[in-house]
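S.K.: Pasting a structure below so you can have a look.
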């Protein structure tokens, strides 16, 4: 199941070229399906290279337009632009990041003093909750440093609403393990799932959606 990322610009460019043929209809139709470890065929897995600035968003967008055309690759381009949106949104609201880091320190302090919470968080982080789908994602994340975008949302929702664990601890778990871990995208995505980014509109995972 392990996937190795070679952290070089050449490797990022090679992956970009390899996926360019799928940036149109294949991506638009297949992007929502998590096919499991080593089978993520319809998503680019370029995010780690972009996060480390080995390749850039303009390069990726230019490749999509060149190979598939602007209209056919519109959905792919939209998803690339979301990364820039999150960065800009958080840059203009530094208090959101400051509140997250302050809250995380409080959560970590609470973890030290609460054996039950510590055990529950440990089980979630080490794939021992007994929820097969959740544990499979935790194991994939730990081993590969990657999760499909939908799995990230489902994982965060279950962490918050099913396991009832502090969202900031989950966000920190992702940030420590994701090869593409980005403070803006990660923090704001967890806030969105929790219903904090868009107040009163949490993302609640549905078993039928996960199964599909």
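S.K.: Return the residues of region 153-168 that are more than 11 Å from the chain's Cα centre (by Cα) and either surrounded by fewer than 17 Cβ atoms within 10 Å (Cβ to Cβ) or within 16 Å of residue 134 (Cα to Cα) (or both); say none if nothing qualifies.
M.R.: Answer for region 153-168, where residues must be more than 11 Å from the chain's Cα centre (by Cα) and either surrounded by fewer than 17 Cβ atoms within 10 Å (Cβ to Cβ) or within 16 Å of residue 134 (Cα to Cα) (or both): 157, 158, 159, 160, 161, 162, 163, 164, 165, 167.
S.K.: Continuing with this model, one more query. Scan region 51-73 for residues that are without any contact (Cβ under 8 Å) to a residue 40 or more places away in the chain and either under 17 Å from residue 29 (Cα atoms) or not in a helix (DSSP H, G or I) (or both) and report the count.
M.R.: Final tally of qualifying residues: 4.
S.K.: Would region 36-53 turn up any residue that is over 30 Å from residue 212 (Cα atoms) and surrounded by 12 or more Cβ atoms within 10 Å (Cβ to Cβ)?
M.R.: yes
S.K.: Can you pull out the residues in region 188-200 that are modelled with pLDDT of 90 or more and part of a loop (DSSP other than H, G, I, E, B)?
M.R.: 195, 196
S.K.: Looking at 145, 181, can you tell me which residue is on the phi > 0 side of the Ramachandran plot and either outside the structural domain of residue 30 (by TED's automatic domain parsing) or free of Cβ contacts under 8 Å to residues at least 40 places away in the same chain (or both)?
M.R.: 145
The values are calculated or read from the model by the stated rules, or taken from the named source; none is laboratory data. Computed from a predicted model, the values in this text were never measured in an experiment. Methodologically, a virtual Cβ is constructed for each residue, glycine included, from the backbone with ideal geometry; neighbour enumeration extends over all protein chains shown.
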